[in-house]
1. Scan region 43-53 and give yes if some residue there is surrounded by fewer than 17 Cβ atoms within 10 Å (Cβ to Cβ) and more than 28 Å from ALA90 (Cα to Cα), otherwise no.
2. Out of ASP77, ASP98, ASP87, report the one residue that is out of contact with any Asp or Glu (no Cβ under 6 Å at 6 or more places or on another chain), among the acidic types (Asp, Glu) and at pLDDT below 95.
3. Take the residues in region 68-93 that are surrounded by 14 or more Cβ atoms within 10 Å (Cβ to Cβ) and not hydrophobic (A, V, I, L, M, F, W, C); name whichever of them is nearest to PHE55 (Cα to Cα).
4. Which of the residues spanning region 4-42 are more than 19 Å from LEU66 (Cα to Cα) and loosely packed, with under 15 Cβ neighbours inside 10 Å?
5. Within region 13-63, which residues are among the hydroxyl-bearing types (Ser, Thr, Tyr), touching a helix residue (DSSP H, G or I) at 6+ places or on another chain (Cβ under 7 Å) and not in a loop (DSSP other than H, G, I, E, B)?
6. Quick one: ASN67 ticks every box in (1) among the polar types (S, T, N, Q); (2) more than 30 Å from ALA131 (Cβ to Cβ); (3) not in a helix (DSSP H, G or I) except a single one, so which number is it?
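The values are calculated or read from the model by the stated rules, or taken from the named source; none is laboratory data. As the structure is a prediction and not an experimental result, all values here were calculated from the model. No Cβ is skipped: glycine too gets one built from the backbone with ideal geometry, and neighbour counts run over all protein chains shown.
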Amino acid sequence: MAYQDRMPIGELARLTGTKVNTIRFYETEGVLHQPLRTAAGRRVYNDADVRRLTFVRKGRDLGFSLNTVRKMLALADHPYQSCKAVDGIAREQIAAIDQKITDLTNLRGELDRIIKACENGIVADCKILDALTLPTMRLA
């Protein structure tokens, strides 16, 4: 897919679905290269910037941290090496997602348990509010 060779930051933002402030942040963080500038000092971007920012966006959408995206970009800069490291990073992400699912499932179970202990009485006797304020309270 070919885009114009010299586009302003607003066009890069539109093409990638990224806010202008986020693009500037990624530049500051070194995830995106510092852009070329016009004689008037305006940032200009090209196809490579669209591809790189798209990579960053998709990586972030998959839950990768900015540091992990940075590592994957460094690996992508060497296209003829083994992709074993990239595979490892993706597998670590799956493990992290699985842990989050477990944690959320446990959290849901705890909320279900608290709700079942609720007797729909008055707020002063509310087991849900008690569970939030009493550090060691066990319901049931």
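1. Initially, region 43-53 is screened for residues surrounded by fewer than 17 Cβ atoms within 10 Å (Cβ to Cβ), giving 46-48, 51.
From the residues that got through so far, the ones that are more than 28 Å from ALA90 (Cα to Cα) too are 46.
Yes: one or more hits.
2. Working: ASP98 fails: at pLDDT below 95; ASP87 fails: at pLDDT below 95.
Of the residues listed, the single one that is out of contact with any Asp or Glu (no Cβ under 6 Å at 6 or more places or on another chain), among the acidic types (Asp, Glu) and at pLDDT below 95 is ASP77.
3. Per the criteria, the residue is ARG70.
4. Within region 4-42, GLN4, ASP5, ARG6, GLY10, ARG14, LEU36, ARG37, THR38, ALA39, ALA40, GLY41, ARG42 meet the criteria.
5. Filtering region 13-63 down to residues among the hydroxyl-bearing types (Ser, Thr, Tyr) leaves 16, 18, 22, 26, 28, 38, 45, 54.
If we keep only those that are touching a helix residue (DSSP H, G or I) at 6+ places or on another chain (Cβ under 7 Å) too, we end up with 16, 18, 26, 45, 54.
Across region 13-63, the qualifying residues are THR16, TYR26, TYR45, THR54.
6. The number of the failed condition is (3).
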